[in-house]
Amino acid sequence: MPSVSTMSQFFQIHPDNPQARLIRQAVDIIRQGGVIIYPTDSAYALGCHIGDKQALQRIRQIRRLDDDHNFSLVCRDLSDLGIYAKVSNSAYRLLKAATPGPYTFVLQATKEVPRRLVNPKRKTIGLRVPDNGICRALLSELGEPIMSSSLILPGQEEPLTDPLEMRDLLEKQVDLIIDGGFCGLESTSVINLEEDHVVILREGGGDLALFGG
């Protein structure tokens with residue numbers, strides 16, 4: 001299992017044509033319990049295996065998060081999303097129009113979601129289907145969602161954007177940093193679809209006109 005005391009690996013992966021060998025190595029690190037930094041379509045994120053409690057705790061420590069923080073499941077497509085969330089017909093139509101894209105959708109979680117990832121009061125989970133080539137390649141190779149949190153360090157309001165700075169700050173705390181170039185700075189828009197009507201919880205990236213916003 002990866003150790004927090006060793007130096008992280010650093011992969012430069014092409015954003016449009018991700019190298020298959022590096023993608024496979026990155027997924028092996030996730031499966032072995034590693035914590036990775038990887039690009040999405042809104043900003044860089046911290047990620048780990050959905051079932052790994054220890055890796056999740058390491059992400060909490062890096063970001064100094066409390067137990068109430070809502071993590072997101074980053075999914076490859078809507079079929080993944082349907083496994084982990086209860087999706088009505090009307091919500092599905094919206095999701096189909098908006099994915100892939102820079103949105104986080106809050107939905108009722110199914111029993112497939114580990115309890116520690118679910119909002120304890122509302123039984124909800126945030127789900128993403130990002131439009132990023134490296135992210136899609138990782139998810140395709142992994143075959144299941146990546147448990148994720150935005151790469152925002154304690155005391156900061158904006159996510160880190162420079163992979164070299166990430167290496168300077170975090171190389172002893174994560175197992176892999178993927179340099180996929182600049183992928184944006186704006187947070188996702190957060191859309192609540194759990195009650196079968198749309199509530200925009202946070203305005204960020206993407207076209208909110210899809211949701212009447």
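Cross-link candidates for LYS111: which lysines have Cα within less than 22 Å, leaving aside residues fewer than 8 places away along the same chain?
Those lysines meeting the cut-off are LYS53, LYS86, LYS121, LYS123.
For the chain, list the DSSP H helices whose alpha carbon atoms reach 15 Å or more along the long axis and whose average Kyte-Doolittle value is -1.0 or above?
Long hydrophobic helices here: 20-31.
State the extension gain, in nm to one decimal, for the chain segment bounded by ASN89 and ASP168, taking 0.36 nm per residue of separation less the distance between their alpha-carbons.
Taking ASN89 through ASP168 to full extension adds about 23.8 nm, to one decimal.
Counting each pair of different Cα atoms once, what's the Kirkwood radius of the stretch 135-180 in Å, rounded to one decimal?
12.3
If I model a spin label at ASP77 and GLN32 as a point 7 Å from the Cα along the Cα→Cβ vector, what separation in nanometres do I get?
Here the answer is 3.0 nm between the modelled labels.
Kirkwood hydrodynamic radius, computed over distinct alpha-carbon pairs, for the stretch 9-211: how many Å, to one decimal?
16.8
Take every Cα pair under 8 Å in the chain that's 6+ residues apart, average their separations, divide by the length, and report that relative contact order as a whole percent.
34
Throughout, read-outs are computed from the coordinates displayed, never taken from laboratory work. In this text, all values refer to a predicted model and were calculated from it rather than measured experimentally. For neighbour counting, all protein chains shown are included, and Cβ atoms are generated from backbone atoms with ideal geometry for every residue, glycine included.
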